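For reference, the structure discussed in these notes is given below.
Read the figures in this text as sums done on the coordinates, not as results from a lab. It should be emphasised that the depicted structure is a prediction, and the values quoted were computed from it without experimental measurement. Note that we place each Cβ from the backbone using ideal geometry, even for glycine, and neighbour counts take in every protein chain shown.
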Amino acid sequence: MHRDVLEQLRDSALDIAPTPAALVVFGSFTRGQATPATDVDVLAVRPKAIAADDEHWVSSLGHRADLAGHIAGNPVNLLDVTLSEARPRRKLDAGLWHNIKTDGIALVGPDPEEIAKP
């Protein structure tokens with residue numbers, strides 16, 4: 001991924017309110033294997049007190065996902081989870097979690113390895 005695109009994504013992510021516990025870009029885009037047909041995979045970890053259907057969270061995250069797609073030139077595939085759901089062997093399957101830990105680049109919050117710790 002081009003560093004300038006990553007910086008633009010990071011700058012845009014800072015405007016998400018409430019602030020995510022973590023926001024991680026991963027997959028083919030971070031491996032430099034993206035094509036015009038691929039999407040930008042993003043793991044959004046909600047803060048503890050925020051429900052999945054919280055109006056402000058959904059609106060802010062959706063708006064920033066749309067903006068991220070414009071910045072990157074690819075659509076965004078958003079995975080919205082709580083911290084407990086993001087921990088390995090819970091909601092996310094092992095292969096997906098491996099990709100997040102291996103390819104993930106934190107835009108907000110801790111690196112993927114830190115998210116995995118109990």
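If you average the sequence gap of Cα pairs under 8 Å that are 6 or more apart and divide by the length of the chain, what percent do you get for the contact order?
35 percent
Could you list which residues have their amide H under 5 Å from that of D80, counting only those 5 or more apart in sequence or on another chain, with H placed in the peptide plane?
A44
Kindly state, as a whole number, the per residue volume in cubic angstrom of the convex hull around the alpha carbon atoms of the range 2-104.
Numbers: hull volume 9.4 nm³, N = 103.
Considering the Cα atoms of the range 2-104, their hull volume per residue is 91 Å³.
For the chain, with a Gaussian network of springs between Cα atoms less than 10 Å apart, report the residue from G69, G104, G32 with the top mean-square fluctuation.
It is G32.
In the range 14-118, which trypsin sites (Lys or Arg not before Pro) are in a loop and have at most 16 other Cβ atoms within 10 Å, using DSSP for the loop call? It would help to have the intermediate numbers written out before the result.
Details: sites: R31, K48, R64, R89, R90, K91, K101; in loops: K48, R89, R90, K91.
Counting only loop positions with at most 16 other Cβ atoms within 10 Å, the trypsin sites (Lys or Arg not before Pro) in the range 14-118 are K48, R89, R90, K91.
For V40, what residues show an amide H to amide H distance below 5 Å, using hydrogens built from the backbone and excluding near sequence neighbours?
V76, N77
What are the ³J(HN,Hα) couplings of the range 68-76, residue after residue, when phi is run through the Karplus curve with 6.51, -1.76, 1.60 and θ = phi - 60°? Round to Hz, x for glycine and proline.
Listing the rounded values in order: 4, x, 5, 4, 7, x, 9, x, 9 Hz.
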